Amino acid sequence: MTDCRLYLITPPVLDDLAAFGRTLAEALDAGDVAALQLRLKDQPEAVIAAAHDVIAPLCLSREVALILNDDPKLAAKLGCDGVHIGQSDMALDQARKIMGKTAMIGVTCHDSRHLAMEAAEGGADYVAFGAFYPTATKETLYRPEPEILTIWQETMEIPCVAIGGITAENAGPLAAAGADFVAVSGGVWGHPDGPTAAVKAINAAISG
């Protein structure tokens, strides 16, 4: 079994940036977080940039990789550590040209090992499978079995991320199946005891 780590995703809307900054700092300090994805779907560039300006220093000081969702051009402009692209966002080779050789690029691969292998061969730094569980964060059309993580782990070098409806209660089996990272949004920000408790609980669940 690999050492699985938490990949945190922001809430879809950030109404109060200052308050979120305080909450995020506490969450990042509560346990191991490998990366934070800034994911504000369909928000204006200025809103995303403002959020980045609050979030980036918190990530930098804690050595948490900051990854922007969907938009390689904006990710490069803001100086993010990486970008996460879906199948309909931008071609991987084009994203790499924009982001440069050292940036981290992750690719959504749904329930398809074929898409994941194409991404790996194309130079992606990680592939994401999901949604493994029902999720209210986004509409999902794919529901892979945890076995896809096991097969990937046994056959491929680049890391795999499990995403979709993951909580402290259900993260353990995905880590055990072979996920290198579990990507969590609602399971942290919507946790009944708060994000700090959620980060602690998820880390405990995936530590094996």
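Every number here is computed from the coordinates shown, using simple stated rules; none is lab data. All of these numbers come straight from a predicted model, not from anything done at the bench. Here the Cβ positions follow ideal geometry from the backbone for every residue, glycine too, while neighbour counts run over all protein chains shown.
Would you list, by chain and number, the aspartates and glutamates whose Cα falls below 16 Å from the Cα of Lys41, excluding same-chain residues fewer than 8 positions away?
Hits, sequence-local ones excluded: Asp15, Asp70, Asp71, Asp89, Glu139.
Taking neighbour counts of Cβ atoms within 10 Å as a proxy for exposure, in what order, fewest first, do Trp189, Trp152 appear?
Trp189, Trp152
Note down the magnitude of the dipole of region 5-206 about its Cα centre, charges +1 on Lys and Arg C-beta and -1 on Asp and Glu C-beta and zero elsewhere, to the nearest 20 debye.
Roughly 240 debye for region 5-206.
Taking the mean number of other Cβ atoms within 10 Å as a proxy for protection, how do you rank 4-10, 154-160, 131-137, 198-204 from highest to lowest?
4-10, 198-204, 131-137, 154-160
If amide H atoms are built 1.01 Å from N in the plane of the peptide, which residues on other chains or at least 5 residues away come under 5 Å of the amide H of Met104?
Those lying under 5 Å, H to H, from Met104 are Gly82, Val83.
Quick one: putting +1 on the C-beta of Lys and Arg, -1 on the C-beta of Asp and Glu, what dipole do you get for region 63-156 around its Cα centre, in Debye to the nearest 20?
So the dipole magnitude of region 63-156 works out to roughly 320 debye.
In whole percent, what relative contact order does region 5-206 give with Cα contacts below 8 Å and a gap of six or more residues?
RCO, region 5-206: 20 percent.
In Å and on Cα atoms, what radius of gyration and Dmax does region 5-206 show?
Considering region 5-206 through its Cα atoms, Rg and Dmax are 15.7, 44 Å.
Placing +1 on the Cβ of each Lys and Arg and -1 on the Cβ of each Asp and Glu in the chain, which of Pro144, Gly86, Leu115 has its Cα farthest towards the positive end of the resulting dipole?
Of the listed residues, the answer is Gly86.
Which of rounded, prolate or oblate describes region 112-198 when judged by the alpha-carbon gyration tensor and an a/c cut-off of 1.5?
Prolate.
What FRET efficiency do you get for Lys77 and Glu169 if R0 is 35 Å and r is their Cβ-Cβ distance, rounded to the nearest 0.05?
So the FRET efficiency works out to roughly 0.35.
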